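Notes follow the structure.
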Amino acid sequence: MSRKTGTGKYEKLLERCRALVPIPTAVAYPCEETALAGAIEAGEAGLITPILVGPAAAIKGVAKKGHIRLGQCEIVEAGDGPKAAAKAVELVRQGKAELLMKGSLHTDELLGAVVARETGLRTGRRLSHVFVMDVPTYHKTLLVTDAAINIAPTLEDKADICQNAIDLAVSFGVEKPKVAILAAVETVTSKMPATIDAASLCKMAERGQIKGAILDGPMAFDNAISKEAAKIKGIRSEVAGDPDILLAPDLEAGNILAKQLSFLANADSAGLVLGARVPIILTSRADSVRARMASCAVAMMAAHARRGAKSR
């Protein structure tokens with residue numbers, strides 16, 4: 001999911017990171033060349049301090065074959081994918097790492113360790129996934145959620161999904177994020193439950209149950225993205241034409257939307273899982289170098305924001 005040239009949005013994120021110190025990051029099972037190289041590149045860029053968790057011999061073998069310089073990277077021994085996930089989570093619980101990064105294990109193996117009741121990284125917040133997208137035809141970085149974890153979220157789930165994305169946007173400098181809550185139409189109708197959820201979320205924001213953002217919905221995609229389309233339909237909205245966050249009605253809609261933007265609009269997409277004790281960096285072998293760096297940069301800023309919140 002990459003393109004040949006960037007628009008500069010990701011580069012601005014990376015520029016903001018130059019003044020920040022790298023964040024210790026547990027990289028779970030980086031036993032494939034792309035996964036290992038992504039972690040090492042992010043370390044060389046000063047975004048993270050990678051702690052490689054997995055079978056040391058295999059990691060060193062991948063590095064040798066791929067001509068990847070491990071330098072002084074710490075390697076923590078763990079026998080296989082599930083054991084590496086559990087060990088990486090343990091490093092976070094011990095305070096030795098402030099970010100978690102997916103290596104070459106399956107996503108469900110990593111998240112299984114994250115949500116383990118006694119040994120995981122659960123909080124009171126629902127886990128959710130956010131695509132941080134650089135869309136060439138859009139004027140700023142766009143967050144799409146949730147397109148990877150919550151299949152059919154309830155209203156309460158959507159409130160958490162929304163708050164997770166808001167907190168992330170604030171962490172990388174958006175003072176008052178604008179959230180477009182997507183549906184097929186703008187009118188509230190019992191025939192489309194997503195429209196009722198959207199209206200409820202807006203009222204929840206008015207009552208302080210969702211904080212730090214401007215919400216509007218239900219909104220069809222055209223009116224969310226295009227101020228002109230909204231004007232033609234007589235929709236008055238602070239969000240129309242300028243959302244920072246698109247909240248999808250369910251996983252299928254969000255996944256289709258994100259992949260359409262990637263493959264038809266040539267967008268780059270960085271991915272994070274939020275709602276755990278620490279942000280979780282999800283990278284794919286299909287990701288460009290820019291997208292991998294952006295994932296780490298956004299996670300780094302989120303980690304620094306958490307540090308700041310703890311010190312207040």
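The values are calculated or read from the model by the stated rules, or taken from the named source; none is laboratory data. Note that this is a predicted model, so its numbers are computed, not measured. Please note: Cβ atoms are built from the backbone with ideal geometry, for glycine as well, and neighbour counts cover all protein chains shown.
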Using the structure shown, decide if Ala57 is more than 21 Å from Leu282 (Cβ to Cβ), at pLDDT 95 or above and in a helix (DSSP H, G or I). yes
Residues that are surrounded by fewer than 20 Cβ atoms within 10 Å (Cβ to Cβ), over 19 Å from Ala291 (Cβ atoms) and of a type in the set (D, E, K, R), drawn from region 113-159: Arg117, Glu118, Arg122, Arg125, Glu156, Asp157
Which of the residues spanning region 238-262 are crowded, with 24+ Cβ neighbours inside 10 Å and either under 17 Å from the mean Cα position of the chain (by Cα) or without any contact (Cβ under 8 Å) to a residue 24 or more places away in the chain (or both)? Pro243, Ile245, Leu246, Leu247, Ala248, Gly254, Ala258, Leu261
Can you tell me which condition Leu264 does not meet? The list is (1) farther than 25 Å from Glu41 by Cβ; (2) in contact with a Cys (Cβ under 8 Å, 6 or more places away or on another chain), and all the others hold. (2)
Report yes if Arg292 is more than 12 Å from the chain's Cα centre (by Cα) and in a helix (DSSP H, G or I), otherwise no. no
Mind counting the residues in region 255-289 that are touching a Ser or Thr at 6+ places or on another chain (Cβ under 7 Å) and assigned to a helix (DSSP H, G or I)? 2
So Ala297 fits all but one of (1) among the hydrophobic types (A, V, I, L, M, F, W, C); (2) assigned to a loop (DSSP other than H, G, I, E, B); (3) buried (at least 19 other Cβ atoms within 10 Å of the Cβ); what number is the exception? (2)
Note on region 71-97: residues surrounded by fewer than 24 Cβ atoms within 10 Å (Cβ to Cβ) and either among the small types (Gly, Ala, Ser) or assigned to a loop (DSSP other than H, G, I, E, B) (or both) are Gly71, Gln72, Cys73, Ala78, Gly79, Asp80, Gly81, Ala86, Gln94, Gly95, Lys96
Could you list, in sequence order, the residues of region 167-196 that are assigned to a helix (DSSP H, G or I) and over 30 Å from Ala302 (Cα atoms)? Pro193, Thr195, Ile196
Mind listing whichever residues of region 197-254 are of a type in the set (Ser, Thr, Tyr) and in a loop (DSSP other than H, G, I, E, B)? Ser226, Ser237
Enumerate the pairs (first residue in region 287-308 and over 13 Å from Tyr10 (Cα atoms) and touching a residue at least 40 places away in the same chain (Cβ under 8 Å); second residue anywhere and of a type in the set (Asp, Glu) and part of a helix (DSSP H, G or I)) with beta-carbon separation below 8 Å, excluding pairs fewer than 6 apart on the same chain, so at least 6 apart or on different chains. Ala302/Asp167; Ala305/Asp167
Is at least one residue of region 152-164 over 19 Å from Ala303 (Cα atoms) and of a type in the set (Gly, Ala, Ser)? yes
Could you give me the residue pairs with C-beta distances under 6 Å whose first residue belongs to region 60-76 and is at pLDDT 95 or above, whose second residue is surrounded by fewer than 15 Cβ atoms within 10 Å (Cβ to Cβ) wherever it lies, and which are 6+ apart or on separate chains? Ile75/Ala56
Looking only at residues in region 213-237 that are within 22 Å of Val170 (Cα to Cα) and of a type outside the set (Val, Ile, Thr), which one is surrounded by the most Cβ atoms within 10 Å (Cβ to Cβ)? Ala224
From Ile59, Ile68, Ile48, Ile40, residue being under 17 Å from Leu272 (Cβ atoms) and either aliphatic (A, V, I, L, M) or touching a helix residue (DSSP H, G or I) at 6+ places or on another chain (Cβ under 6 Å) (or both): Ile48
Among the residues of region 28-40, count how many are within 19 Å of the chain's Cα centre (by Cα) and either of a type in the set (D, E, K, R) or not in a helix (DSSP H, G or I) (or both). 1
